[in-house]
Amino acid sequence: MLNDLFAQRVNPDVPSALSGLFPQDTDPRAISFAAGSPNESLFPVAAMQTAFDTAIAQTGAHLFQYQTAQGNPDLRAKLAARIGKWGQVATTADNVVLTVGGQQAIELVAKALLNVGDEVAVEVPTYVGALAAFDLYQPTYHAVPLQADGLDLDRLEETLKRHPRIKLLYTVPDYHNPTGITMSVAKRRELVALANRYDFIILEDSPYRDLGYEHAPLPAIKSFDTEGRVVFVSSLSKILMPGLRTGWLVADGDLLAAIMRVRLASDLETGNVVHAAIDAYLDANDLDAHIAALKTSYREQCAAMVHALAAYFPDDISYTQPAGGFFYWVTLPKEIDAAALLENTVIPQAHVSYVPGTNFYPDRDVHNSLRLCFTGLTPAVIDAGMHRLGDAVKGAVRGVKPVV
Ligand SMILES: Cc1ncc(COP(=O)(O)O)c(C=O)c1O
């Protein structure tokens with residue numbers, strides 16, 4: 001069997017956290033709340049096309065030459081300035097590394113830190129793509145629950161006392177995927193203090209931080225870092241376009257050097273032509289004005305979804321109250337398996353889809369929750385889809401409730 005030749009990390013018996021995530025429904029009535037994609041009708045395509053022309057005209061053939069392993073210095077300087085302004089992280093272009101989306105940044109950090117069996121703490125639920133990246137290094141996971149204001153730090157500290165070898169903690173502090181939860185500023189400060197005390201590294205993954213519908217971005221966890229223990233990761237996927245495949249990380253000292261070492265082995269460097277075009281785009285356009293326009297649209301869609309959750313869903317469920325980002329997280333009565341409900345009832349009868357929550361847990365041991373994304377649909381379509389979904393959930397709840 002050819003499969004016997006594969007590395008354990010691609011063992012086909014162990015499904016990747018990312019496989020089969022997005023259910024397909026070809027019915028013309030289908031409404032999908034599944035994929036966490038930005039709304040492509042808001043993509044600045046013409047401005048980006050001009051920026052590509054400008055970048056190529058300015059630099060010519062040399063633009064297509066090998067450049068630097070960290071990536072376009074002008075773009076890195078702009079990103080360093082942005083996280084200084086909006087996240088209070090005092091850093092420079094020298095500490096920024098451009099990556100193939102935030103996803104590669106996560107994978108590079110995993111590659112730089114994790115040996116097989118190493119201990120990693122993750123908030124639960126958590127971003128499936130991070131689990132997929134960590135899974136390649138076969139770590140031992142410790143799941144720490146989330147609260148309405150972010151990671152439960154008491155539970156984290158208990159876990160750290162019991163497992164002092166935990167070397168990495170992964171968190172999405174801003175408008176978290178999949179729950180929409182944001183970590184309070186006090187917890188950000190306290191988390192760094194815990195990292196200093198218990199000697200671990202924090203991977204702060206924050207692609208949604210600019211998309212707050214109620215307040216300006218909070219200081220990054222990295223802004224409280226005094227020992228170079230926090231790697232900050234972000235991305236242009238949600239605020240510009242994911243097809244640019246441009247993410248970035250901020251790291252310091254030996255940790256930065258270790259990440260650069262594994263990056264060279266992975267891909268030498270990222271797409272210079274794209275990065276020069278993004279740099280030209282940022283010279284000619286106001287990114288914050290573009291983000292403000294995105295927020296105007298997403299805020300309305302977010303409001304339509306919470307309105308529908310209140311109007312059409314039974315009292316027996318609970319849901320998060322995101323102040324930004326792309327997602328709502330719905331918890332059903334514990335007797336209901338959200339994956340089975342999707343497959344048996346919601347897709348075939350209501351023609352609506354969502355992502356069942358199980359894949360967002362490293363042990364795949366929670367089955368009664370689901371993620372809803374609102375970004376791709378108009379408020380009217382959100383309302384129609386949520387009405388159908390709410391009716392299906394009501395039916396499922398009736399089915400498991402004791403008859404009194
Ligand atoms: C929390 C989080 N991190 C990272 C990513 C990776 O995105 P990209 O590689 O497009 O930057 C995503 C995408 O959905 C995400 O939600």
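The values are calculated or read from the model by the stated rules, or taken from the named source; none is laboratory data. Note that the coordinates shown come from a computational prediction; the quantities given were computed from them, not determined experimentally. A quick note on method: Cβ atoms are made from the backbone with ideal geometry, for glycine too, and the neighbour counts reach across all protein chains shown.
Of the listed requirements (1) in contact with a Leu (Cβ under 9 Å, 6 or more places away or on another chain); (2) buried (at least 21 other Cβ atoms within 10 Å of the Cβ), Ala69 misses just one: (2).
For region 46-76, a residue qualifies if it is over 29 Å from the mean Cα position of the chain (by Cα), in a loop (DSSP other than H, G, I, E, B) and hydroxyl-bearing (Ser, Thr, Tyr), and exactly one does: Tyr66. For Val306, the criteria (1) aliphatic (A, V, I, L, M); (2) free of Cβ contacts under 8 Å to residues at least 24 places away in the same chain; (3) part of a strand (DSSP E or B) hold in every case but one, which is (3). Just a yes or no: is a residue in region 94-109 in contact (Cβ under 8 Å) with a residue 40 or more places away in the chain, among the small types (Gly, Ala, Ser), in the same structural domain as Val233 (by TED's automatic domain parsing) and surrounded by fewer than 21 Cβ atoms within 10 Å (Cβ to Cβ)? Within region 94-109, not a single residue is in contact (Cβ under 8 Å) with a residue 40 or more places away in the chain, among the small types (Gly, Ala, Ser), in the same structural domain as Val233 (by TED's automatic domain parsing) and surrounded by fewer than 21 Cβ atoms within 10 Å (Cβ to Cβ).
Going by the structure shown, is Thr270 modelled with pLDDT of 95 or more and hydroxyl-bearing (Ser, Thr, Tyr)? The answer is no for Thr270.
Pick from region 95-110 the residues that are of a type in the set (A, V, I, L, M) and either outside any loop (DSSP other than H, G, I, E, B) or under 16 Å from Ile166 (Cβ atoms) (or both): which of them is nearest to the ligand (Cβ to nearest atom)? It would help to see each step written out before you state the result.
Taking region 95-110 and keeping what is of a type in the set (A, V, I, L, M), we get 96-98, 100, 105-106, 108-110.
So of that shortlist, the ones also either outside any loop (DSSP other than H, G, I, E, B) or under 16 Å from Ile166 (Cβ atoms) (or both) come out as 96-98, 105-106, 108-110.
Numbers: Val96: 15, Val97: 13, Leu98: 11, Ala105: 8, Ile106: 6, Leu108: 12, Val109: 12, Ala110: 13 Å.
This residue is Ile106.
In the set (1) in a loop (DSSP other than H, G, I, E, B); (2) near the ligand (Cβ under 10 Å from one of its atoms); (3) not aliphatic (A, V, I, L, M), Gly243 fails one condition alone, (1).
Criterion applied to Thr91, Thr99, Thr126 was being more than 16 Å from the chain's Cα centre (by Cα) and not charged (D, E, K, R), and the one residue passing it is Thr91. Is it true that Arg209 is outside the structural domain of Gln321 (by TED's automatic domain parsing) and away from the ligand (no atom under 15 Å from the Cβ)? Answer is no for this residue. Restricting region 323-344 to residues that are touching a Gly at 6+ places or on another chain (Cβ under 7 Å) and either more than 16 Å from the ligand (Cβ to nearest atom) or hydrophobic (A, V, I, L, M, F, W, C) (or both) leaves a set whose member that is farthest from Pro38 (Cα to Cα) is Ala338.
Residues of region 223-238 that are more than 10 Å from the ligand (Cβ to nearest atom) and either more than 21 Å from Thr270 (Cβ to Cβ) or part of a loop (DSSP other than H, G, I, E, B) (or both): Ser223, Phe224, Asp225, Thr226, Glu227, Gly228, Arg229, Val230. One residue stands out among those in region 212-251 that are farther than 18 Å from Gln70 by Cα and among the charged types (D, E, K, R): the one that is surrounded by the fewest Cβ atoms within 10 Å (Cβ to Cβ), which is Glu214.
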